[in-house]
Amino acid sequence: MPKPLLDRRIGFFKKNLETMDSEKRFEYLNRRLRGIAQYAYKHSLAIKNKMDTAGVKPSDIQTVKDLEKVPITQKTDLMELQKKTPPLGGFEGVPLHALRRIYISPGPLYEPGETEYDELGWAQGMFAAGFRPGDIAINTFSYHMVPFAMQMVDNSLFEIGCITIPTGVGNTEQQVNILKNLKVKAFCGTPSFLLNIAEKAEEMGLDLRKDLILRVGFVAAEMLSESLRSELEERFGMIIRQGYGTADIRCLGYECMERNGMHIPDDKIVEIVDPQTGKQLDPGKTGEIVATTFNKFYPLIRFGTGDLSILTETRCPCGRTSPRLLKILGRVDQATKVRGLFVHPGQVDEVASRYPQIAKYQVVVRREKHKDEMIFRIELKEEVAQIEKLKEKIEQSIRDMVKIRGDVRFVPKGTIPEEARKIEDQRTWE
Ligand SMILES: [Zn+2]
């Protein structure tokens, strides 16, 4: 029988940070922000240039709100600057010889591997997922070139006190044998690779709950659907939680036991901004995730992730007081602004996925009498008895999920072309 998972569901990795009240958190983040703004201006040429160009002095940055004065650096900007000044574009906050490694992500984008690793987020996330000292863990993320497995996951497992087996990607059969023979309790990797492991282990005649003793899993780098999560949790008898971050700025969110969004780690500042103006948006509004790190080796200030999300500051029952990212909604460049709010293809999919009656769908955005109009065109699989009721229900789901009103129009089969864009913007602006 699996051991009870209860003790893995409680506790904090850094209790004093994770549970501070909002006023204290506000002060704490502002203090660290002032520190890193001063430091980065002095030690990172790229940050100095960016602030000088915008006419901002480090002393102008006193609170998180003041970050609005600093231009956002996008991935493409970083790539350009790295091309001009290799390897790190002048963003490094230490002399190059103080680095231990240079990682390479697709782009190419280069990331530093520092000698003194003091990233907090991923370790907070793994602890919140139930990882505990003494656990044997396999790290199935890729160890070469990219920074995630070695720099972030491996170091964080060490911080918690886990014993890491650096298996990397692939070799599924061998990984199953390792899980079994070394009594591995913790898994780090993508959800789809964990599913591969489940399938391979069963193919090898193993019982996932009896022959393996996986208790916890920390997954990232891929969308985790709730159906896949519950399937994997059920099959292995384990807890699975996910984290979110980027190669450059690292962990920006992690789930706790409550599974109600991703807590922002205490060593980052996350803003949700309007990508067009760079201004901060209130909790509950969809915008781009822009992050600032306190990492002196690579002090990125106001780095745009290109990902869309919504922030919430409501209290989480787990006791952690940090705000949470509700969900990663998709990429900014695929989103369309309707009545001042972003609508992303992922949100459209989510509405549609709730109604098995829907065969095909497309959102059309138009402009009528100087007002945006959002029409949800739907082809049904077959005729539905109470069509008005269904229309009302879907329209309610649109309001719930997209946060703006949309009209449902049922159209005959074959109306929506095969290659149609999910969101078709038909607005003209003359
Ligand atoms: Zn929580």
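For residue 381, state whether it is out of contact with any strand residue (DSSP E or B) (no Cβ under 7 Å at 6 or more places or on another chain), modelled with pLDDT of 90 or more and not assigned by TED's automatic domain parsing to the domain that holds residue 245. So residue 381 fails the test.
Mind telling me which of the residues 13, 26 ends up being aromatic (Phe, Trp, Tyr) and touching an Asp or Glu at 6+ places or on another chain (Cβ under 9 Å)?
Working: 26 fails: touching an Asp or Glu at 6+ places or on another chain (Cβ under 9 Å).
One residue alone meets the criteria, 13.
Could you check how many residues of region 255-280 are touching a helix residue (DSSP H, G or I) at 6+ places or on another chain (Cβ under 6 Å) and within 16 Å of the ligand (Cβ to nearest atom)? Here the count works out to 3. Kindly indicate whether any position in region 237-254 is in contact with a Cys (Cβ under 8 Å, 6 or more places away or on another chain), modelled with pLDDT of 95 or more and within 12 Å of the ligand (Cβ to nearest atom). Yes, there is a match, as at least one residue in region 237-254 is in contact with a Cys (Cβ under 8 Å, 6 or more places away or on another chain), modelled with pLDDT of 95 or more and within 12 Å of the ligand (Cβ to nearest atom).
Just the residues that are buried (at least 19 other Cβ atoms within 10 Å of the Cβ) and without any contact (Cβ under 8 Å) to a residue 60 or more places away in the chain, please, taken from region 308-322. Break it down into steps so the answer makes sense when it comes.
Filtering region 308-322 down to residues buried (at least 19 other Cβ atoms within 10 Å of the Cβ) leaves 308-311, 318, 320, 322.
Selection gives 308, 309, 310, 311.
Looking only at region 324-354, count how many residues are at pLDDT 95 or above and surrounded by fewer than 21 Cβ atoms within 10 Å (Cβ to Cβ).
Residues of region 324-354 that are at pLDDT 95 or above, as a first pass: 324-325.
Among the residues that remain, those that are also surrounded by fewer than 21 Cβ atoms within 10 Å (Cβ to Cβ) are: none.
Within region 324-354, residues that are at pLDDT 95 or above and surrounded by fewer than 21 Cβ atoms within 10 Å (Cβ to Cβ) number 0.
Residues that are in contact with a Lys or Arg (Cβ under 8 Å, 6 or more places away or on another chain) and of a type outside the set (Val, Ile, Thr) were ranked within region 210-234; the one that is nearest to residue 267 (Cα to Cα) is 218. Scan region 89-106 and give yes if some residue there is of a type outside the set (D, E, K, R), within 19 Å of the chain's Cα centre (by Cα) and buried (at least 20 other Cβ atoms within 10 Å of the Cβ), otherwise no. Scanning region 89-106 turns up no residue that is of a type outside the set (D, E, K, R), within 19 Å of the chain's Cα centre (by Cα) and buried (at least 20 other Cβ atoms within 10 Å of the Cβ).
Among the residues examined, residue 346 qualifies as more than 16 Å from the ligand (Cβ to nearest atom), in contact (Cβ under 8 Å) with a residue 12 or more places away in the chain and touching a Gly at 6+ places or on another chain (Cβ under 6 Å).
The residues in region 8-50 that are exposed (fewer than 15 other Cβ atoms within 10 Å of the Cβ), touching a residue at least 24 places away in the same chain (Cβ under 8 Å), among the acidic types (Asp, Glu) and part of a helix (DSSP H, G or I) can be counted, and the count is 0. The set of residues in region 142-185 that are surrounded by 17 or more Cβ atoms within 10 Å (Cβ to Cβ), touching a strand residue (DSSP E or B) at 6+ places or on another chain (Cβ under 9 Å), farther than 22 Å from residue 247 by Cα and without any contact (Cβ under 8 Å) to a residue 40 or more places away in the chain comprises 162, 175.
The values are calculated or read from the model by the stated rules, or taken from the named source; none is laboratory data. For clarity, every value in this text was computed on a predicted model and none was experimentally measured. Ideal geometry is used to build each Cβ from the backbone, glycine not excepted, and the neighbour counts take in all protein chains shown.
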